[in-house]
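Below you'll find the structure, written out as structure tokens, and then a few comments.
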Amino acid sequence: MTINEIQDEIIEEFSFFDDWMDKYEYLISLGKDLPLIDEKYKDEQHLIKGCQSRVWLHAEQDAGQVAFTADSDAIITKGIIGLLVRVLSAQSPQEVAQADLYFVDKIGLHEHLSPTRSNGLRSMVKQMKLYGMAMAAQNDQSNG
């Protein structure tokens, strides 16, 4: 699936809920499906700066696609990074770097997060795009 197809799927899933408490519960349940990061990557190097909660993110490239794994010590934050991993994993580094993550606004996530969580969300997106950019640059050097 493309990034936009996955985003549209998430928008549809969240449209089933009218109440934000239900959406939070759904977000928390999504965090339970998060592909967990290997314990060896739960270190300072993989900790996302700018998040109030602790969020670890690891990325590797397999067959030309980025595979993200992550974890957090906060359940809502774990759901948020779970959504981002779902959207951006199994995509090319170039697609990750250039992704327009419109689903965040469409489901109302930005407006329902506290300012600190919203900053954390921006930091998570930034870090994931940086991984994509770095891998794309590495691929260009290897091919050029």
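Would you please report the Å³ per residue occupied by the convex hull of the alpha carbon atoms in the stretch 1-142?
On the way: hull volume 14.5 nm³, N = 142.
Dividing the Cα hull volume of the stretch 1-142 by its residue count gives 102 Å³.
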task: Tally up the carbon and sulfur contribution to the accessible surface of the chain as a whole percent, 1.4 Å probe, everything protein left in place.
output: 48
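What whole-number value in Å² describes the accessible area per residue of the chain for a 1.4 Å probe?
Numbers: 7810 Å² over 144 residues.
Value returned for the chain: 54 Å² of accessible area per residue.
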message: Students often forget the sequence filter, so: which aspartates and glutamates lie under 19 Å Cα-Cα from Lys106 once same-chain residues fewer than 8 apart are removed?
response: Glu5, Asp8, Glu9, Glu12, Glu13, Asp18, Asp19, Asp22, Glu25
field: Backbone N under 17 Å from the Ser15 label point (7 Å along Cα→Cβ), restricted to the stretch 90-111
entry: 102-109
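The values are calculated or read from the model by the stated rules, or taken from the named source; none is laboratory data. This structure is a prediction, so every number in the text was calculated from the model and none was measured. Methodologically, a virtual Cβ is constructed for each residue, glycine included, from the backbone with ideal geometry; neighbour enumeration extends over all protein chains shown. For accessibility, only protein heavy atoms count, side chains too; no ligands or nucleic acids. Shrake-Rupley method; radii C 1.70, N 1.55, O 1.52, S 1.80 Å.
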